[in-house]
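Values quoted throughout were computed directly from the atomic coordinates according to the rules given, and no laboratory measurement underlies them. Bear in mind the structure is a predicted one, so any value in this text is a computation, not a measurement. Cβ coordinates were reconstructed from backbone atoms using ideal geometry, including for glycine residues, and neighbour counts include every protein chain displayed.
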Amino acid sequence: MRIIGIDPGLRNTGWGIIELIGNRLVHVDDGRISPPSISSIGERLLFLKNKLKVIVEKYDPNLSAIEQIFVGPGTGSSLKLGMARGVSILVLAQAGISIKELPPKLVKKTVTGYGSASKDQIKSMIEKLLNIIPKNEDSSDALAIAISAQHIGYDNINSKLSQNYNGLNLAIEKALLKEKNV
């Protein structure tokens, strides 16, 4: 199974592709899409769409995962992130690829064992898990998202608990649901 992970952004969108061979994770490729900063938002989104489409066509993944939006105090940046995320989801949907939406804390917890891990901790674990050095911080995050997608047994965070989870996945989901309801 080949999985693409996407860390969306209007300035930089990270992407990473892994393959699950038996029970082994293999790095396929990773990178970053960076639209020209002088472009309008529409031009940047079109650039992102076209570049991501080429990547999807080249690597032909079976599954995709994208990070959910974390809404912080800067609503303007969340809206722009949402635009890049929407374009990315559109490209994946047009390619007919199943999409998993994962919360950032769950990705961090899955890859590092700690839901508030730093970017350096994520990068370090990606290096150990895949035996590579990611091309950049954005692609490192995208590889973490792809790894989490193959590890997590549900299609989105709003799904009901599944019977086919292993104990770790079930514990993580229960903790996240509890945290969300607090």
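Brief remarks follow.
- Rounded to whole Hz, the Karplus (6.51, -1.76, 1.60) HN-Hα couplings of segment 58-69, x for glycine and proline: 5, 9, 6, x, 8, 9, 9, 9, 9, 6, 6, 7
- Calculated FRET efficiency, LYS53 to VAL26, Cβ-Cβ distance, R0 = 35 Å: about 0.90 to the nearest 0.05.
- Between SER124 and GLN94, the simple spin-label model (points 7 angstrom out along Cα→Cβ) gives 4.1 nm.
- Segment LEU79..LEU46, full-extension length gain: 10.2 nm, with 0.36 nm per residue of separation and the alpha-carbon distance subtracted.
- Peptide ranges 58-69, 38-49 listed from the most packed, as the mean C-beta count within 10 angstrom indicates: 58-69, 38-49
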